[in-house]
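Scroll down for the structure; my scribbles are underneath it.
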Amino acid sequence: MGTVPGGDIPRSDVDPIAHTFAGAALATAGLRRATPLATAALLIGSNIPDVDVFASLGGSFAALALRRGWTHGVLALAIWPFIVTGGLLLFDRWRRSRQAQGPPPHPGRLLIIAAIAVLGHPTLDWLNNYGLRWLMPFDGRWFYGDALFIVDPWVWLMLGGVVFLAHSETRGSQAAWMVFWVASSILLLTVPEPPARMVWSVGLLGLLLMRFWARPGPRRIELGARIALAGIASYMITAVSLNGPARAQVQRELDAAALGPIHDVMLGPIPADPLGAAVVAETATEYLLGHWHWLAEPRFLLDEETIVKRLHEPAVQAAMDHPEVRDFMIWARYPYAEIETGTNGELSVHFRDARYFDNRRLWGPSVQLKALD
């Protein structure tokens, strides 16, 4: 019996645009004035835990086993602010050795600002159903907020909007922003919910009118950034708060349907609609699928289609010995297997994750086995 790896690595990196907008919005809201290099600390700190993304360059499923682990855990979160601050102080010293420019940065304030940015990164990551491992390297458990989709257009619109107003004075910057708004609008227009498309269009039109007609001054932009940050914080808190009661109601309805013991329930966020969710309910042998929406009647609909796990079948157990499958299983939340039989009796075992059942691009590793005796 031999094994041959194959398949596509799931691409589910957290949205770096949202992290960057969060850091830039904090700077625009006034933190940039706390000390020189504050804006740099916010932008770098908001993104630095994602250095583990470079593990993906190897093209191995080992990257999944590393993602959102060591660099996002409590130990790294305690160290990153000092690394960011130290790097910026060294940069400032080098810059001053060449030419003194303005007052030096305040180390203590710079450290606090870097810590705010660094801690904001895993908080945003936790909100989606990809999850992260807060306790690494001491504990490898995954934690999932299941509240916001991994690419949230409302975060882009609100936080990106104030950054756009603050940093679109030159023709070059305006051209770059127009490319971004056009590309993001094309992306949003692919979602099926008309209200989402309408809210996006009205919000974007309002931003363009403010920038090119009302032309708000720095004080109003700073106030707008504070309002946007408060609004996004409220939006995220509301999304997290709604998930618990919704999950509890789904659990009650599944228990009442007598479909067997339900071990776990996920209400995974869907694009552009914070009131809707894709439901995955785990039993001992399969995953039940469904849909939830707060404004629908009934709110929860169970699909006829289910996914059988097949994880205890001999071929699947044999395939699990492959290193890439072991790496995938570290990352997988709701793993299952599909088995295909070739013309020569060879078996191809494909590993998947049920939380991404609707997105077939996010397939796991495939292992080919010789005919089992």
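In table form, for the structure just shown:
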quantity: Anisotropy class of segment 243-308 from Cα gyration tensor, a/c 1.5 cut; calculated: prolate
quantity: In segment 90-160, the trypsin sites (Lys or Arg not before Pro) that fall in loop regions by DSSP, at most 15 other Cβ within 10 Å; calculated: Arg141
quantity: Debye, to nearest 20: dipole size of segment 189-297, +1 on Lys, Arg Cβ, -1 on Asp, Glu Cβ; calculated: 980
quantity: Estimated vicinal HN-Hα couplings, Hz - segment 102-117 in sequence order (Karplus 6.51, -1.76, 1.60; Gly, Pro = x); calculated: x, x, x, x, 8, x, x, 5, 5, 5, 5, 5, 4, 5, 4, 5
quantity: Relative contact order of segment 174-278, defined on C-alpha pairs under 8 angstrom at six or more residues apart (%); calculated: 24
quantity: Whole-angstrom gap from segment 187-214 to segment 19-70, using each part's C-alpha centre; calculated: 27
quantity: Calculated from backbone phi, Karplus (6.51, -1.76, 1.60) coupling profile of segment 154-170 in Hz, x at Gly/Pro; calculated: 6, 5, 4, 5, 7, 6, x, x, 6, 5, 4, 5, 7, 9, 9, 8, 8
quantity: Under 5 Å, built H, 5+ apart or other chain: amide partners of Asp264; calculated: Glu282
quantity: Added length on full extension, which subtracts the Cα-Cα distance from 0.36 nm per residue, Ile79 to Arg141; calculated: 20.3 nm
quantity: Spacing of the two label points (7 Å from each Cα toward its C-beta) at Ala230 and Arg326, in nm; calculated: 5.3
quantity: Burial ordering of Thr123, Thr190, Thr28, fewest other beta-carbon atoms within 10 Å first; calculated: Thr190, Thr123, Thr28
quantity: Relative contact order computed over segment 63-208 (Cα-Cα under 8 Å; 6+ residues apart), in percent; calculated: 21
quantity: For Asp146, distant residues with modelled amide H under 5 Å away; calculated: Asn128, Asn129
quantity: Calculated FRET efficiency for the pair Ser56/Arg33, C-beta based, R₀ 45 Å, to 0.05; calculated: 0.75
quantity: Angle in degrees between helix 194-209 and the longest Cα principal axis of the chain, rounded to the nearest 10; calculated: 20
quantity: Relative contact order %, the chain, counting alpha carbon pairs below 8 Å whose residues are six or more apart; calculated: 20
quantity: Student exercise, segment 176-244 dipole from Lys, Arg, Asp, Glu Cβ charges, in Debye to nearest 20; calculated: 300
quantity: Fluctuation leader among Leu267, Leu42, Leu187 - the chain, Gaussian network, Cα springs under 10 angstrom; calculated: Leu187
quantity: Segment 342-352 - phi-based ³J(HN,Hα) in whole Hz, Karplus 6.51/-1.76/1.60, Gly and Pro as x; calculated: x, 5, 9, x, 6, 10, 10, 9, 10, 9, 9
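A short reminder: the numbers here are calculations on the coordinates, not readings from a lab. Given the structure is predicted, the values throughout are model-derived calculations rather than measurements. When we count neighbours, we look across all protein chains shown, and the Cβ atoms used for this are built from the backbone with ideal geometry, even at glycine.
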